[in-house]
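Chemist: Provided herewith is a single structure, encoded as C-alpha cells, for subsequent inquiry.
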Amino acid sequence: MLFVVLYLICINMISFALFGLDKSRAVKRQWRIPEKTLLFAALIGGAFGAETGMLCFRHKTKHARFRIGIPAIIILHLLIGISISLSDISF
C-alpha cells in the first residue's frame, strides 16, 4: 500500500510539473510537451496533479480534451480506488 501512495504522490508531482513546464514553454514560444504526454501522465495516476496544474498555471483550460478529459480520468481513478477498497485485493 505504501508503494501505491508513494507512486501516486510522485506521478502527480510529475504531472503538475509537466503542465507548468509546458505553460512556460508556450509563453516563450519554445518546443512544447505533446498533449498526448500530458494526458498519459494524467491517465497513469497523475490526474489530480494535472487538474491542479491546469488551474494553477491557467493552462489547457479552454481545450475540451483537457477540460472534460482530466475530470473524467479523476472519476475513473476514484471508481477504481473504490472498487479495489471494496474487494479483497490487497497491495
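Chemist: What chymotrypsin sites (Phe, Trp or Tyr not before Pro) does region 7-85 have in DSSP loop regions with at most 13 other beta carbons within 10 Å?
Modeler: Hits after loop and neighbour filter: 31.
Chemist: Something else about it: Out of the trypsin sites (Lys or Arg not before Pro) in the chain, which ones are loop residues according to DSSP with at most 11 other C-beta atoms within 10 Å?
Modeler: Passing sites in the chain are 28, 29, 58, 62.
Chemist: Based on the Cβ-Cβ distance from residue 86 to residue 14, what FRET efficiency comes out when R0 is 25 Å, to the nearest 0.05?
Modeler: With R0 = 25 Å, the Cβ-Cβ based efficiency is 0.30.
Chemist: Please list the non-local residues whose amide H lies under 5 Å from the amide H of residue 59, H modeled 1.01 Å from N, same-chain partners needing a gap of 5 or more.
Modeler: none
Coordinate-derived values only; no laboratory data. Just so you know, these numbers come straight off a predicted model, no measurement behind them. Cβ atoms come from the backbone with ideal geometry, glycine included; neighbour counts cover every protein chain shown.
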